[in-house]
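The values are calculated or read from the model by the stated rules, or taken from the named source; none is laboratory data. The shown structure was predicted, so the numbers you read here are calculated from the model rather than taken from an experiment. Don't worry about glycine lacking a Cβ; one is built from the backbone with ideal geometry, like all the others, and counts go over all protein chains shown. Remember, those area values only see protein heavy atoms, side chains included, never the ligands or the DNA or RNA. Shrake-Rupley method; radii C 1.70, N 1.55, O 1.52, S 1.80 Å.
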Amino acid sequence: MADELRGPAPGGPLSGIAVVECGTGVAAAFAAKLLADLGAEVVKVEPPEGDLTRRRGPFPAGCEDPERSGLFEYLNTNKRGVVLDLNSAGGRARLHWLLDRADALIHNVAPALQDAMDLRAASLAARHPELIITEISAFGAGGPRSDYRAYELQEFHAGGAASLTPHGDPSPVLPPLKLYGHQAEFQAAAHAAFTTLAAYRRRMKSKLGQTIDVSIQECLTAFFELAFIDYTYLGQRNTRDTPKSVSPWNIVRTGDGYIYFCCGEQDQWMRLVELMGNPHWARDERFKDGLTRGQNSKALRSLMEEWARGWNFQDLYRECVKRRIPAAPLNRMADLYADEGLAERGFFVEMPRHSKEPRVRVPGAPFKTTVGGWELRAPAPHLGEHQQQLFADFNPAAAVAARRTSRPANADASPPLSGVRVLDFSWIWAGPYSTLQLAHLGAEVIRVESARRPCLNRRIPPYADGIPGMDRAGSFCQWNQGKRSLLLDLSNARAIEIAHQLVPHCDMVVENFAPGVAERMGLGYRQLRELRPDLIMLSISGYGQTGSRRSLPSYGNLSTAAAGFNSVLGYGPGDARELGITWADPVAGLFGTYALTAALIHRDRTGQGQYIDLAMLETLQTMMPEALLEYEIAGREPQPMGNRDPWMAPHNCYKARGDDESWVTIAAGSEEEWQALCRAMDQPSLAADQRFATLASRKRNEDELDRIIAAWTAQRDRWDITQRLQKAGVAAFPTMSNKDLAEDPHLRARGFMVELEHPVVGRRCHAGVPWQMSPAVCKVRKPAPLLGADTEDILQTLLGLTPQQIARLREEQVLY
């Protein structure tokens, strides 16, 4: 590979990997940033008008300079930048010249635009057979809806979570909501980052490139929490009013803000009752246990809010901390920048900027490691800043003539992490979600389980056909596909010895116990690396393994609230609503996989293992740049804005004909799309109406514009609206429910749904792998394991134990 593309070696774990990024917006930029911040050399290709995020801000007050957009700066540190018109032959020739010198291409050019830019994966693979080609799109590169237009609004509503958000607000008037910013694209970017790294590791051994197709809709559907399997296991269509299984597990308004309570255990509830002064209503039969409190959650919330009105939300949080009551404040951005726990761990860092720009603090590394290497080394590039440097030796004739040998037709189809073994001590969701991705990538994942303390997901509904059983729980069957199960009662010293014996046979260990628990059990990193010096170990927790908050009780919802997500989710300023699903756990799992794949590459190069400390609170904030920088750069607290967007109008979710759950999203991102929408609605006079003639005037009259569009959509079916507007070139898509997704013909046509025969529950529909890779094949190879199903085979194969020795261990309840 030529040195021109690589630049000075930064010394990070991904140093020397050359990446080209093109497209516009968030998804490809964030995926490439995740690689750049660990040392990869990234060249960002922008269109002549510059990346879209240059025009979105946040900007300093009174300034909309595209070189000073906070979002663009955040997404593009550590990159070099060039400008290419990929609709021209000259621009495409220069792109191919860059790709000849690159290891990977990451782009989010929509499938409908790829032919004109020569970005079809098959064409690129034929010309650059060693290149890893990762593309991110709303609905995937193939399938009936691959050419549909979509913005973040459509992408988020297509993935299911919007149909449950805000939770507890089933109003037929107020629409379901997207989250603040570009959360759908951030999730797809995380998938793109770790799949690219897995493919690169495979290429280190085979010299063969891969094509990777990441579908944003599938990424969101894959972590649609319990809702997806509520339908496939019970036939239950979930809505915003579907109660949670336990309570209090919700937001409570205080005198000056909001606090989130997660009291799933009875002892946690009793400590909260004591804090509330043991009110008489707490002894009511409706609130006797978690399940009955869940069934009566609205009444409970009302009573708790009467009590909480007398509290300052930060004071109440501190009192909960003293009493070990699981709670978190709904932090605003000012609260986060002033947070002592984040400061203690050195989370916020100064963002490199061009000279004379004021100091700006941004989220730091999404995890901490013993080898380091994460660094913000250079500011985001000015438009075309590195054009001359990168193309100084460009030869148009040579670029046109350049060709390489095509990929072999019979290329190895084994998955990229084939041969990697993972010892998985994690449970519930965040850890198992990370190891699920590893299993999808081909790793052998050994779940260490115990019948004495089985994983919570084996013990909670939905159960197949409503019949409880350890092997019938839908959430376990969903998040543990492709894994193996080993029984070990880790409260038994002999079981710890067996775990120690397994470590030398494993490349990775994953755990999400409370900080300090693994060490006390004899399973901490310092103890295990004595058994295998090049071991890679991931620990996931709410607040991290260090700092004064490390031992606080933490659940995903608490991390999401503390990270500021809820404070900017709502219908308008001052509102604060609940997310419809637990967001933090799967996000932490995805970033754990990103960290692990990067660690594998580092180990392959250096022989060095490492320890990874991932705090959910910190990881979440890396995907909140728009909100954080609105405060840090513009000096304003960001406010909830429903489904609206500051730079588009119309941009909302509208009621369609049908039941209370029939909604459709519509967005016009340009004047051309606005004109097309008016024509498709058979209302051309709208385009000439001075109230709506420009974006600025549409924003001023947005309430009236939304009323006009809502009156039109109310008379029509959501799918008819979608098809009509898509045909006209306008982004539109329904809000998808769990039922819609499970039955979606597009997802089925892409092979996303998995229906393997399970020995207990039979054939059930599960969400599958949210990306496609070729020639390597990533797929669900077997259903989730029965409890302890692989114990004998693992102990015999890896440790050489005899059937008699295994029987004795069972008798001694070591394997229990």
For segment 559-575, does any single residue satisfy the condition of being within 24 Å of I794 (Cβ to Cβ), assigned to a loop (DSSP other than H, G, I, E, B), modelled with pLDDT of 95 or more and in contact with a helix residue (DSSP H, G or I) (Cβ under 9 Å, 6 or more places away or on another chain)? no
Flag for D744 being within 22 Å of S146 (Cβ to Cβ), without any contact (Cβ under 8 Å) to a residue 40 or more places away in the chain, surrounded by 15 or more Cβ atoms within 10 Å (Cβ to Cβ) and not aromatic (F, W, Y): yes
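Between D289, D256, which is in contact with a Phe, Trp or Tyr (Cβ under 8 Å, 6 or more places away or on another chain) and of a type in the set (D, E, K, R)?
Answer to the check: D256.
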Any residue that is on the phi > 0 side of the Ramachandran plot and open to solvent by less than 30 Å² (accessible area, probe 1.4 Å) - is there at least one of those in segment 775-784? no
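Given the criteria part of a helix (DSSP H, G or I), at pLDDT 95 or above and open to solvent by 10 Å² or more (accessible area, probe 1.4 Å), does E630 qualify?
Details: part of a helix (DSSP H, G or I): yes; at pLDDT 95 or above: yes; open to solvent by 10 Å² or more (accessible area, probe 1.4 Å): yes.
Criteria met by E630.
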Within the bounds of segment 59-81, is there any residue that is without any contact (Cβ under 8 Å) to a residue 40 or more places away in the chain, assigned to a loop (DSSP other than H, G, I, E, B) and polar (S, T, N, Q)? yes
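Yes/no per residue for (1) over 27 Å from the mean Cα position of the chain (by Cα); (2) basic (K, R); (3) assigned to a helix (DSSP H, G or I); (4) under 24 Å from M623 (Cα atoms):
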| position | (1), (2), (3), (4) |
| --- | --- |
| L300 | yes, no, yes, no |
| L303 | yes, no, yes, no |
| L316 | yes, no, yes, no |
| E357 | yes, no, no, yes |
| P366 | no, no, no, yes |
| E375 | no, no, no, yes |
| A380 | no, no, no, yes |
Exactly one of (1) part of a helix (DSSP H, G or I); (2) touching a Pro at 6+ places or on another chain (Cβ under 7 Å) is unmet by L620. Its number? (2)
Is it true that some residue in segment 529-547 is assigned to a helix (DSSP H, G or I) and open to solvent by 40 Å² or more (accessible area, probe 1.4 Å)? no
Can you work out which of the residues in segment 323-332 that are farther than 17 Å from P640 by Cα and assigned to a loop (DSSP other than H, G, I, E, B) is most open to solvent (accessible area, probe 1.4 Å)? R324
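Suppose we keep only residues that are part of a helix (DSSP H, G or I) and either open to solvent by 20 Å² or more (accessible area, probe 1.4 Å) or among the small types (G, A, S) (or both) within segment 276-291. Which one would you say is farthest from W249 (Cα to Cα)?
That would be H280.
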Within segment 568-609, restricting to residues that are open to solvent by less than 10 Å² (accessible area, probe 1.4 Å) and among the polar types (S, T, N, Q), the one that is farthest from the chain's Cα centre (by Cα) is T597
Identify, from the list D335, D315, D339, D267, the residue that is under 27 Å from P640 (Cβ atoms) and open to solvent by 60 Å² or more (accessible area, probe 1.4 Å). D315
Pull out all pairs, ordered by first then second residue, where Cβ-Cβ is under 8 Å, the residues are six or more apart or on different chains, the first lies in segment 789-814 and is without any contact (Cβ under 8 Å) to a residue 60 or more places away in the chain and in a helix (DSSP H, G or I), and the second is exposed (fewer than 13 other Cβ atoms within 10 Å of the Cβ) and of a type outside the set (S, T, Y). E792/P803; Q796/P803
Tell me, please, whether a residue that is touching a Cys at 6+ places or on another chain (Cβ under 7 Å) and closer than 19 Å to P166 by Cβ can be found in segment 242-251. yes
Let me spell it out: the conditions are (1) modelled with pLDDT of 95 or more; (2) at positive phi; (3) open to solvent by 40 Å² or more (accessible area, probe 1.4 Å), and G50 meets all of them except one. Which number is the exception? (3)
